[in-house]
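The values are calculated or read from the model by the stated rules, or taken from the named source; none is laboratory data. Here the structure is a predicted model, which means the values were calculated and not measured. Here Cβ is always computed from backbone atoms with ideal geometry, including for glycine, and neighbour counts include all displayed protein chains.
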Amino acid sequence: MVFSSSIFLFSFLPVFLTAYFLIRPDLKNTFTLLASVFFFAWGAPRFVFMLSAAVAIDFFIAQLIDQNEGRKRKLLLAVGVAFNTSVLLYFKYFNFFADNFNQLLEFAGIKEISFTKVILPIGISFFVFHELSYILDVYRKVKPPMKNIADYALYIFLFPQLIAGPIIRFNEIADQIQNRKFQDNIDNRLIGIFRFAIGLAKKVLIANTLGAMADKVFQLPYDALDTSSAWMGALCYTFQIYFDFSGYSDMAIGLARTMGFIFPENFHFPYISQSITEFWRRWHMSLSRWMRDYLYIPLGGNKVSVPRMYFNLCFVFLISGFWHGAQWTFILWGGYHGLFLVLDRLFLIKLTHHIGKIPRIVFTFSIVVTGWVFFRSNTLGQAFQFLKRMFIPHTAVNDVYISGKLIFVFLFAVLFSFIALVPKGDVLPERLYAPYTKSWKYAFSSLTALVLILLSGAFITASGFNPFIYFKF
Amino acid sequence: MQGRFFKYLLFVLLVCAFWVPSLLRHSSFMKEAPLKGYFEVPDSTFGLNDSLWLNGIFQDKYEKWYNYNLALHRAGVRISNQINFWGGEQFPGVVVGKENELMERAYIDAYLGKDFIGTDSIEKECTRIRSLQDSLARRGIRFFIVIARNKSRIRSSHIPDFFHPEARKPGNYDYYVEGLNKHGIAVINFEKWFELIQDTIRYPLYGSLGVHWGNYGAWLCSDSLLNYIERMAGKRINHPKLTRLFFSDTALSTDYDLANILNLPLKIRPREKYVGFQYDFVQDSSKFFPDVMVIGDSYYWNIMNFGVPKLFSKKFRYLYYNAIAYYNDGSEKPIEQLNVKEEALSEKIIFFLYTEPNLHNLGNGFTEKVLSALK
């Protein structure tokens with residue numbers, strides 16, 4: 001089940017919100033857990049058993065970690081990390097390693113090994129990171145383990161963040177699971193729905209429109225791809241991925257807020273960044289924080305020699321790229337960003353210091369757009385060919401069509417991506433999503449939410465409807 | 001306190017808004033007009049068991065069924081299509097050309113030569129059709145081919161630029177016209193005829209919002225066909241008599257068929273007025289009612305709808321894409337239930353009626369079937 005589906009919007013959500021609002025406070029967690037399990041089981045019916053087993057195993061490992069000290073504690077941590085990492089490696093990366101191994105065999109003239117493809121459980125990258133966060137926070141004594149397995153299961157299964165984040169570290173949510181009485185209030189419910197509606201509109205009305213163009217361009221044969229189309233495709237994808245991902249985060253944060261959970265922010269106008277370093281403080285912030293706390297700092301972080309720090313940066317970003325997907329394109333994308341982080345420290349930030357704010361933003365934006373080409377492409381070959389078309393002028397004949405709607409949506413996307421550049425633009429989210437002092441603001445935001453949900457709902461329900469004039473043979 | 005009450009009220013209203021589409025589905029309070037066009041209706045007969053659930057089949061079917069039956073589904077389609085139309089978007093299968101000239105993508109592709117099947121295939125088919133014509137002629141059956149006009153060909157100036165009509169290559173139509181003539185196959189080329197007369201007549205031959213020929217165009221073709229059949233039969237047959245021709249603001253017959261499947265809540269205004277007509281339909285029993293069979297695409301429907309087949313004998317059949325047979329009495333039968341040889345040999349006049357995008361499969365297998373049956 002995805003948030004941007006009819007069944008979620010008009011079946012699951014009203015039932016959930018109504019019941020959650022009416023139910024006794026002491027039953028809210030149990031109800032939310034059951035609803036979340038159902039949510040996951042709907043989309044991944046077989047994997048709900050796997051995830052439940054993983055939850056049970058991690059819960060008990062964390063209990064054991066908490067009960068032990070010294071070497072045994074470290075050993076248990078190692079077991080927990082190894083278990084969760086191997087779950088991720090198997091389900092997400094087995095096919096990748098097997099395919100690459102077979103390619104090596106083929107290259108060496110040896111017959112390939114046949115294997116059964118492993119099916120990827122939806123959301124695995126997120127819930128494994130949540131599980132690791134739990135074990136690591138318990139080990140570090142940042143937070144004690146949950147006394148109740150149901151509470152821990154709620155942390156993992158919580159449906160707003162289960163499928164696509166944000167990545168909520170255990171220490172950010174532990175207290176809220178136990179007690180969120182003061183956050184579970186009418187202001188948060190209203191603002192939560194408003195934020196959910198904004199996120200839904202970002203995904204359905206903006207990201208999907210831009211994505212259709214990006215898909216069209218990226219599917220063009222190389223001979224039919226000209227420079228202007230390549231840039232159009234890359235830019236459309238740049239804004240598609242931002243509005244899609246940040247839209248989904250808004251939906252997750254909004255839904256959580258209706259329940260009284262306050263999730264950390266995940267995006268903060270990343271495209272106004274003046275360096276790649278700054279970009280990663282604004283883009284997918286929950287992943288950056290997770291990588292920083294659980295990988296970069298344990299590797300030594302900044303407190304090591306300079307070459308080692310650069311290695312750590314590149315390594316963390318290679319892992320980050322790999323986390324996004326089991327393809328060389330994602331690894332290269334991660335390495336590309338790692339490289340620019342190193343270059344920032346070496347000379348880029350100093351070099352661009354004097355060129356002015358807007359040129360720095362344009363420069364950084366260009367680097368990011370180029371990186372997205374790797375992220376979007378199906379193969380490395382396609383990525384390099386696409387980039388060739390972008391940077392070496394080439395004309396070609398194709399059927400790329402730019403409609404008025406696309407232009408409008410594109411300009412809208414640009415406006416709201418860069419609105420933080422205008423005075424008070426960067427505090428717009430805070431103003432929109434903070435509790436209001438006037439009732440009419442709640443009325444206005446609720447009306448806006450209603451319009452956005454109905455409009456998005458119209459497009460959702462209509463997608464895939466392609467009638468013919470007459471019955472075709 | 002009042003503020004809190006207001007906020008709770010807002011929250012309740014918002015949650016109720018989420019409930020509305022599901023609840024309306026079960027009530028007769030709001031009945032939406034059905035959507036136009038042919039489309040696959042999601043299966044509603046699925047059940048639930050372990051296997052269907054664990055494989056995700058139940059969920060997939062349920063979601064499709066749920067979405068289709070949602071109270072606001074039809075309104076959603078209409079609203080989103082209207083927004084897309086205003087935004088200049090294209091639609092799957094329907095191309096919005098210049099000045100809102102609607103076309104079907106397949107027709108544009110055919111005109112541009114994108115569905116070209118190759119000269120060898122066309123040559124082979126022409127040879128087969130000639131064999132068919134000769135085999136039937138030996139049995140006293142007349143055979144000919146009618147090529148109906150492709151709007152995208154005649155209104156090529158309205159094809160959107162992103163199709164690059166300037167890069168058009170000869171396609172099936174161009175090679176078939178040459179090939180059919182070369183093989184001495186009888187052809188009525190309405191494509192060519194329309195091209196010749198379109199600038200000389202007062203009434204438009206086709207509308208901007210339909211894919212089929214307009215009423216007047218269909219009437220002219222119908223009249224020409226009847227004259228041709230009359231000459232073939234060598235006997236006088238009935239002809240409907242046009243009594244009145246007039247401009248109209250109302251779409252008739254297939255004038256609006258492409259616009260219909262866009263399901264827009266606001267009607268599109270056509271560039272030119274529609275043409276309406278009135279005619280007398282007289283079936284003089286003293287005249288000859290020829291035995292006619294037509295194998296064709298949807299362009300014959302306009303002619304069917306004039307009642308023209310009633311001017312033929314009761315043996316008349318219209319083999320729609322050679323898949324379903326339609327009869328004068330309104331009944332129909334799948335082609336599998338017919339004996340093609342017997343059907344063909346019982347007729348006196350057989351013709352194909354096809355438009356350019358369907359030339360890649362001219363006859364839909366009728367030629368091979370009859371030839372092998374006649375061997």
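Here are a few things to note about the model shown:
- Per-region count, region A:105-132, residues surrounded by fewer than 17 Cβ atoms within 10 Å (Cβ to Cβ) and not aliphatic (A, V, I, L, M): 9
- The lone exception for residue A:3 - which of (1) assigned to a helix (DSSP H, G or I); (2) under 30 Å from residue B:24 (Cα atoms); (3) in contact with a helix residue (DSSP H, G or I) (Cβ under 6 Å, 6 or more places away or on another chain) it fails: (1)
- Some residue of region B:351-361 being assigned to a strand (DSSP E or B), within 28 Å of residue B:208 (Cα to Cα) and acidic (Asp, Glu): no
- Residue within region B:160-181 that is touching a strand residue (DSSP E or B) at 6+ places or on another chain (Cβ under 9 Å), more than 14 Å from chain A (Cβ to nearest Cβ) and without any contact (Cβ under 8 Å) to a residue 40 or more places away in the chain present: yes
- Residue count for region B:331-375, restricted to those that are small (Gly, Ala, Ser) and under 17 Å from residue B:142 (Cβ atoms): 3.
- Helices (runs of 4 or more DSSP H) fully within region B:58-151 counting 2 or more residues that are more than 24 Å from residue B:212 (Cα to Cα) and within 14 Å of chain A (Cβ to nearest Cβ): B:73-86
- Residue check, residue A:402 more than 26 Å from the chain's Cα centre (by Cα), β-branched (Val, Ile, Thr) and more than 14 Å from residue B:87 (Cα to Cα): no
- Qualifying residues in region A:374-404 (those that are of a type in the set (Gly, Ala, Ser) and at pLDDT 95 or above) - the one nearest to residue A:100 (Cα to Cα): A:381
- In region A:429-456, the residues that are surrounded by 20 or more Cβ atoms within 10 Å (Cβ to Cβ), within 8 Å of chain B (Cβ to nearest Cβ) and hydroxyl-bearing (Ser, Thr, Tyr): A:442, A:446
- Scanning region B:103-125 for residues that are more than 16 Å from the chain's Cα centre (by Cα) and of a type in the set (A, V, I, L, M, F, W, C) turns up B:112, B:116, B:117, B:122.
- Tallying residues that are within 12 Å of another protein chain (Cβ to nearest Cβ), of a type outside the set (S, T, N, Q) and either loosely packed, with under 14 Cβ neighbours inside 10 Å or at positive phi (or both) within region B:297-322 yields 1.
- Any chance residue A:465 is facing another protein chain (nearest Cβ under 9 Å), closer than 30 Å to residue B:254 by Cα and part of a helix (DSSP H, G or I): no
- Only residues that are surrounded by fewer than 16 Cβ atoms within 10 Å (Cβ to Cβ), of a type in the set (Gly, Ala, Ser) and under 16 Å from residue A:53 (Cα atoms) were counted in region A:71-90, giving 2.
Rundown of residues vs (1) within 22 Å of residue B:224 (Cα to Cα); (2) buried (at least 20 other Cβ atoms within 10 Å of the Cβ), yes/no style:
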| position | (1), (2) |
| --- | --- |
| B:151 | yes, yes |
| B:154 | yes, no |
| B:165 | no, no |
| B:193 | yes, no |
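- Of all residues in region B:157-178 being within 16 Å of residue B:115 (Cα to Cα) and not in a helix (DSSP H, G or I), the one that is nearest to the chain's Cα centre (by Cα): B:171
- If only residues of region B:203-261 that are surrounded by fewer than 19 Cβ atoms within 10 Å (Cβ to Cβ) and among the small types (Gly, Ala, Ser) are counted, the one that is farthest from residue B:305 (Cα to Cα) is B:234.
- Screening residue A:31 with (1) more than 14 Å from every other protein chain (Cβ to nearest Cβ); (2) more than 20 Å from residue A:260 (Cα to Cα) gives one miss only, at (2).
- Among the residues of region A:419-428, not a single one is within 11 Å of chain B (Cβ to nearest Cβ) and among the charged types (D, E, K, R).
- Test set (1) in contact (Cβ under 8 Å) with a residue 60 or more places away in the chain; (2) within 14 Å of chain A (Cβ to nearest Cβ) - residue B:238 fails condition number: (2)
- Matching option when the condition is within 20 Å of residue A:243 (Cβ to Cβ), in contact with a helix residue (DSSP H, G or I) (Cβ under 6 Å, 6 or more places away or on another chain) and at the interface with another protein chain (Cβ under 8 Å from one of its Cβ atoms), among A:459, A:374: A:459
- Taken over region A:387-415, the residue count meeting the criterion of being free of Cβ contacts under 8 Å to residues at least 40 places away in the same chain, part of a helix (DSSP H, G or I) and over 20 Å from residue A:373 (Cα atoms) is 5.
- Applying the set (1) touching a helix residue (DSSP H, G or I) at 6+ places or on another chain (Cβ under 8 Å); (2) under 17 Å from residue B:107 (Cβ atoms); (3) surrounded by 15 or more Cβ atoms within 10 Å (Cβ to Cβ) to residue B:129 leaves exactly one unmet item: (2).
- Helices (runs of 4 or more DSSP H) within region B:184-299 that include 1 or more residues over 17 Å from residue B:155 (Cα atoms) and within 21 Å of the chain's Cα centre (by Cα): B:215-233, B:257-262
- Matching entry among A:7, A:119 (being within 14 Å of chain B (Cβ to nearest Cβ) and at pLDDT below 90): A:119
- Top-ranked residue of region B:14-27 - restricted to ones that are of a type outside the set (Val, Ile, Thr) and within 7 Å of chain A (Cβ to nearest Cβ), ranked as surrounded by the most Cβ atoms within 10 Å (Cβ to Cβ): B:21
For every residue, the table says whether it meets (1) acidic (Asp, Glu); (2) more than 12 Å from chain B (Cβ to nearest Cβ); (3) assigned to a helix (DSSP H, G or I); (4) surrounded by fewer than 18 Cβ atoms within 10 Å (Cβ to Cβ).
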{"position": "A:12", "(1), (2), (3), (4)": "no, no, yes, no"}
{"position": "A:15", "(1), (2), (3), (4)": "no, no, yes, yes"}
{"position": "A:20", "(1), (2), (3), (4)": "no, no, yes, no"}
{"position": "A:37", "(1), (2), (3), (4)": "no, yes, yes, no"}
{"position": "A:42", "(1), (2), (3), (4)": "no, no, yes, no"}
{"position": "A:59", "(1), (2), (3), (4)": "no, yes, yes, no"}
{"position": "A:66", "(1), (2), (3), (4)": "yes, yes, yes, yes"}
{"position": "A:92", "(1), (2), (3), (4)": "no, yes, yes, no"}
